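Written below as structure tokens is the structure these notes are about.
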Amino acid sequence: MECAYFRDDLCSSCPSIETAYTAQVQAKQEHARALLAAHPQLQWLDPVTSAEAGFRNKAKLVVGGSAKNPTLGIVDYRTGASTDLGECPLYMEPIQAAIPMLRELIQRADLTPYDIPNRRGELKNILVTASAAGELMVRFVLRSKKLLVPI
């Protein structure tokens, strides 16, 4: 799978991305067999694999940047620098489609992202979960109840 975030050294959440998917599955299968070698009575089935991309049905998006120019993705907790992962190839399409709308909501409601190093701001994360039918559950993680009304 090709990922611009990984290629450009902006995200390292997928450390095995440069290994072929079939090789990743085989390595995991071999590891599981080694861990359970003391149980030879176990019957091994063929692995059930997911798609290589667009399979992740849950996104924990750390909110960074500013209310006028928010980022949704990951944050370096030491420096507070944020990286937008709005086009992460792992997210299911409904999640990718919702991210621009979430950015717009942050801007229109003037929701201040939480600044980790300075411990200021309100909106920490947005958790998005997609169902098999494409429905979304969106949860806002806030520092306090101050922004409940604008949301």
Check your understanding: Can you spot a residue in region 104-111 that is closer than 18 Å to Pro150 by Cα and in contact with a Pro (Cβ under 6 Å, 6 or more places away or on another chain)?
Key -> yes
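Residue by residue, here is whether (1) in contact with a Ser or Thr (Cβ under 8 Å, 6 or more places away or on another chain); (2) not charged (D, E, K, R) holds:
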{"position": "Thr19", "(1), (2)": "no, yes"}
{"position": "His31", "(1), (2)": "no, yes"}
{"position": "Pro40", "(1), (2)": "no, yes"}
{"position": "Gln43", "(1), (2)": "no, yes"}
{"position": "Asp46", "(1), (2)": "no, no"}
{"position": "Ala51", "(1), (2)": "no, yes"}
{"position": "Ser66", "(1), (2)": "yes, yes"}
{"position": "Asn69", "(1), (2)": "no, yes"}
{"position": "Leu85", "(1), (2)": "no, yes"}
**Study point:** strands (runs of 3 or more DSSP E) lying entirely in region 71-151 (those with 1 or more residues that are surrounded by fewer than 19 Cβ atoms within 10 Å (Cβ to Cβ), within 17 Å of the chain's Cα centre (by Cα) and of a type in the set (S, T, N, Q))
**Key:** 82-84, 123-130
Practice item. Just name the residue that is modelled with the highest pLDDT out of those in region 55-91 that are hydroxyl-bearing (Ser, Thr, Tyr) and in contact with an Asp or Glu (Cβ under 9 Å, 6 or more places away or on another chain). Key: Thr71
Point to revise | Leading residue by the ranking (farthest from Tyr114 (Cα to Cα)) among those in region 51-70 that are assigned to a strand (DSSP E or B) and among the aliphatic types (A, V, I, L, M) | key: Ala59
Review point. Can you tell me which of Ala38, Ala27 is part of a helix (DSSP H, G or I), without any contact (Cβ under 8 Å) to a residue 24 or more places away in the chain and farther than 30 Å from Leu72 by Cα?
Key: Ala27
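The values are calculated or read from the model by the stated rules, or taken from the named source; none is laboratory data. Please read all numbers here as calculations on a predicted model, not as lab measurements. Quick reminder, even Gly has a Cβ in these numbers, built from the backbone with ideal geometry, and neighbours come from all protein chains shown.
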